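For reference, the structure is listed below as structure tokens.
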Amino acid sequence: MASYASATAAWTPPQLEAHPDTSLLTTSQDSSADATGIHSTKNALEYTPPLTPPLAPEQDKDEPSKEQEKESKEEEKEIPGSNFDHVIPGVEVMETRQLPDDLETKIAKPYMARANIAASVEEPNGTLKGDWAKKHKHQSVLAQHVDFFLRPEAEGMLWPFDTWRGFRRMGYSFFWCCFAMTVIHVFFTWFTSSNKILFDPLFRVNTNNGHRAKHGSDTGVIDTEGRFVPAKFEEIFAKFDTDNKGGLTFTEGVKMVHALRTACDPIGWGAAIFEWASTYLLVWPQDGIVDKESIRCVFDGSIFYVVARLERHRAKQHALKRKQMTWGQWVVDSIPGPWRVFTRGWKKENKAGNTEMIWKFD
């Protein structure tokens, strides 16, 4: 017959070591007697565990475990209405224009409009170069956008010639400057007028009421109060930057303008086309891709000062070349026109392409 110790060894917890108990030795049945009649002590020193080994007290069944507590806390933190679908399978327009679904992990409150900074995932605090955000914190993003064109003493009134001169400072050709001045001041004068009934006879744009000039068929990055919405900005590239290259080609920009059209809005269509064409001409990238950072800086207007500074440098270099021209070459170079596409005319729009931006505003 097996001893008590061997019989209970199978269920003895391995982490518990049996302590000697001299009162529990093997019985006479487990030991055999020798010829002298003295009982053998072969198993006499084999100790056995207590009849009721000390076990850890059982956990109260009514008390929830740590995992259950963690799950319950996560359920409490769940935001109401978080269970939804942003794509319906089979709807082509939804499947091809994907929305960014992880912005909350990259930038704080991406769907909340920023009053005075143009924030993105890469630049969550706006334009910090040149202390732009700090210097313009008293202005809305829309006001920053037009700040480049205003004279210091203008008090928010943008004159037609100021617009023409601003585009010219950035290197746009003569005809494009005239076209831009006409589009902006014909369509925006009445909407921004302080009179609210009659338009300004001098075709000035009151930038203090610039939020009234928001048109349809746009990206929605600037809201009706002139603030910047990061989520809308990120949507542009999530939807139309097809191969995730960090920018838009001219064709992708045209597709964006076409996709964002609203019905019966010819003014909005024309304004969107003008804005994208102006942006592409402003940067004119040699690789054909208008990068994301340049587009963001267009919204807050900081890139205008950079391009104007670079254009002044190019103008000085061109002035030195004109001194070496013959009289006939000088006359031809001075006449504006589309025929100058092979000399300096429309190609003058090549301003920021593959050139390191000089973040110094003056």
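The values are calculated or read from the model by the stated rules, or taken from the named source; none is laboratory data. None of these values were measured; they are calculated from a predicted model. Positions of Cβ are backbone-derived with ideal geometry, glycine not excepted, and every protein chain shown enters the neighbour counts. Note: areas computed on protein heavy atoms with side chains; ligands, DNA, RNA excluded. Shrake-Rupley method; radii C 1.70, N 1.55, O 1.52, S 1.80 Å.
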Handout entry: the stretch 133-290, relative contact order in percent, only Cα pairs under 8 angstrom and at least six apart counted
Key = 19
Fill in the blank from the handout: Per the rule of 0.36 nm per residue minus the C-alpha distance, extending Asn83 to Ile273 adds in nm 64.7 nm
Fill in the blank from the handout: For the stretch 222-253 the GluC sites (Glu not before Pro) that pass both the DSSP coil test and the at-most-13 other-Cβ-within-10 Å test are Glu225
Problem - Long pairs among Lys214/Lys239; Lys106/Lys137; Lys134/Lys292; Lys245/Lys316; Lys196/Lys292, criterion Cα-Cα beyond 29 Å - result: Lys245/Lys316; Lys196/Lys292
Fill in the blank from the handout: With 0.36 nm assigned to each residue of separation and the Cα-Cα distance removed, Ala315 to Trp330 gains 3.9 nm
Problem - Estimated inter-spin distance, Ala263 and Asn244, nm [label 7 Å along Cα→Cβ] - result: 3.6
Handout entry: Rg/Rg_ref, the stretch 243-339, where Rg_ref = 2.2 N^0.38 Å and atoms are Cα
Key = 1.43
Completion exercise
accessible surface per residue for the stretch 165-240, probe 1.4 Å, DNA/RNA/ligands not counted, whole Å² -> 47
Exercise for the section: Calculate, for Leu128 and Glu153, the FRET efficiency according to 1/(1 + (r/R0)^6) with r their C-beta to C-beta distance and R0 35 Å; round to the nearest 0.05. Expected result: 0.75
Exercise for the section: Using a 1.4 Å probe and ignoring any ligands, DNA or RNA, find the accessible area of Thr249 and quote it in Å² to the nearest 10. Expected result: 40
Problem - Qualifying trypsin sites (Lys or Arg not before Pro) in the stretch 173-220, DSSP loop, other Cβ atoms within 10 Å at most 15 - result: Lys196
Practice task
Order the following by accessible area, largest value first: Val254, Val183. Probe radius 1.4 Å; ligands, DNA and RNA are ignored.
Solution key: Val254, Val183
Fill in the blank from the handout: Stokes-Einstein, Kirkwood over Cα pairs, the stretch 263-306, 25 °C, 0.890 mPa s; D in µm²/s equals 214
